[in-house]
Amino acid sequence: MEFAYDAKTEELRERLTAFMDEVIYPAEGRFESDGWGPPPLLDELKAEARSRGLWNLFLPEVCTNLQYAPLAEIMGRSPGIAPAATNCAAPDTGNMEVLSQFGSEEQKKQWLEPLLNGEIRSAFAMTEPDVASSDATNIATSITRDGDEYVINGRKWFITGAMNPNCKIFIVMGKSGISEVGMRSRDTAPNAATHRQQSMILVPRDTPGITVRRGMTVFGYDDHDHGGHAEVVFEDVRVPADHLVGEEGGGFAIAQARLGPGRIHHCMRMIGVAERAVEMMCRRAASRSTFGKPIAQQGVVQDWIAESRVMIEQLRLLVLKTAWLMDTAGNQGAHTEIQAIKIATPRAVEWILDKAIQVHGAGGLSQDFPLAALFAGARSLRFADGPDEVHKRSLAYRELKKWTS
């Protein structure tokens, strides 16, 4: 088994590391949002990244999953800035993949091209407050056919990026198949499979009837860097019928294609978060003393550092194996590993961040260090693209299937 990165990956890692050292880290103290809009500095960072050939690295035509994983790890060391600067930030990456795979040529021209160019941002509107959205078949927002238009009604929340004024397009998931006279189409009839009752549709943010009601906090954080996590209300929102993504009733399959591997990029970046947390933990432990000796000499702190290193090395290998399988066997062939990494990575990184916070004392809870915000992000990731329990359920089902008829 070959563990070395290939020549292209090494070359990109060197360029990306230099970009982080020379541009991203120095920008961290100056990266302040203007309201819900992106920091003015972001345009400068994007231009610099593009000039260095560090743009849209997640695209299959640029990097394979295996090549992208170590690059995402490097970007994960500054997760609020580096992904956005290189146009590799969620939810845009997933939305671009949806449009690339399922969008019409007109949809690609109107929305995918400006997203690839970093000219606009997007949002993925799936989660709802009134149903258990961990089961996508529960989605209640209605997408109703009315002549040459669809009418959308419903309420969504935790819609990442929706507060950002540069967010120009929503991909909305809802229940479809109801015509203007109350009849359902054949494919999405009430007695059809529950997984054929949903659709995805493109809704421009400035469409009448959309209200971006408020930004949802995450452990008290507004998350301005990502354009917030908004509650959005759709009231008799009308869009042309050609805004449907794919076919009517295909929404669940599209969601699976997007969310199935969706947390993988987050997991790749989380390795970088963990590495930075360990560095901060070691630096702090070496610089502070308690009870007559450096904190670094305290046995419990050494135990935390050792456990953290073991966890990171395990997770990185699992990330790379998963990425390799996605490239060679496809997402279905990598199903077990995808579920495993979604379960293991946020949980382990959350533990590492907790110990880094502990070593920093009260400062670890404050805005003077990034640890508290990173902890909130790691904990919230255990809900992103499906909660841990759903991934465990899916993984266990695959294991049990080997032993049951």
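The residues on offer are 323, 306, 285, 274, and the sole one that is in a helix (DSSP H, G or I), outside the structural domain of residue 143 (by TED's automatic domain parsing), surrounded by fewer than 23 Cβ atoms within 10 Å (Cβ to Cβ) and touching a helix residue (DSSP H, G or I) at 6+ places or on another chain (Cβ under 9 Å) is 285.
Looking only at residues of region 337-347 that are crowded, with 22+ Cβ neighbours inside 10 Å and hydrophobic (A, V, I, L, M, F, W, C), we find that the one that is farthest from residue 299 (Cα to Cα) is 338. Close Cβ contacts (under 9 Å, 6 or more residues apart or on different chains) running from residues in region 91-120 that are within 16 Å of residue 240 (Cα to Cα) to residues that are among the charged types (D, E, K, R) and at pLDDT 95 or above comprise 104/242; 106/242; 107/242; 111/168. When the residues of region 1-52 are filtered to those that are among the basic types (Lys, Arg) and assigned to a helix (DSSP H, G or I), the one that is nearest to the chain's Cα centre (by Cα) is 46.
A quick yes/no check of all residues on (1) closer than 28 Å to residue 36 by Cα; (2) aliphatic (A, V, I, L, M); (3) modelled with pLDDT of 95 or more:
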residue	(1), (2), (3)
129	yes, no, yes
135	no, no, no
168	yes, no, yes
179	no, no, no
209	yes, no, yes
215	yes, no, no
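Scanning region 121-157 for residues being more than 30 Å from residue 57 (Cα to Cα), surrounded by 20 or more Cβ atoms within 10 Å (Cβ to Cβ) and aliphatic (A, V, I, L, M) gives a total of 3. Within region 348-376, the only residue that satisfies the criterion of being in contact with a helix residue (DSSP H, G or I) (Cβ under 6 Å, 6 or more places away or on another chain) and surrounded by fewer than 16 Cβ atoms within 10 Å (Cβ to Cβ) is 365.
Restricting 76, 118 to residues that are buried (at least 21 other Cβ atoms within 10 Å of the Cβ), touching a Gly at 6+ places or on another chain (Cβ under 9 Å), modelled with pLDDT of 95 or more and not hydrophobic (A, V, I, L, M, F, W, C) narrows the list to 76.
If you check 334, 277 for being modelled with pLDDT of 95 or more, within 29 Å of residue 17 (Cβ to Cβ) and not basic (Lys, Arg), only one passes: 277.
Taking region 129-166 as the range and being on the phi > 0 side of the Ramachandran plot and in a strand (DSSP E or B) as the test, the residues that pass are 154, 158. Restricted to region 288-303, and to residues there that are part of a loop (DSSP other than H, G, I, E, B) and at negative phi, the residue that is surrounded by the fewest Cβ atoms within 10 Å (Cβ to Cβ) is 288.
Of all residues in region 136-154, those satisfying the criterion of being touching a residue at least 40 places away in the same chain (Cβ under 8 Å) and either more than 15 Å from residue 243 (Cα to Cα) or of a type in the set (Asp, Glu) (or both) are 136, 137, 139, 141, 146, 148, 149, 153, 154.
The values are calculated or read from the model by the stated rules, or taken from the named source; none is laboratory data. For clarity, every value in this text was computed on a predicted model and none was experimentally measured. All Cβ positions, even for glycine, are placed from backbone atoms using ideal geometry, and neighbour counts span all protein chains on display.
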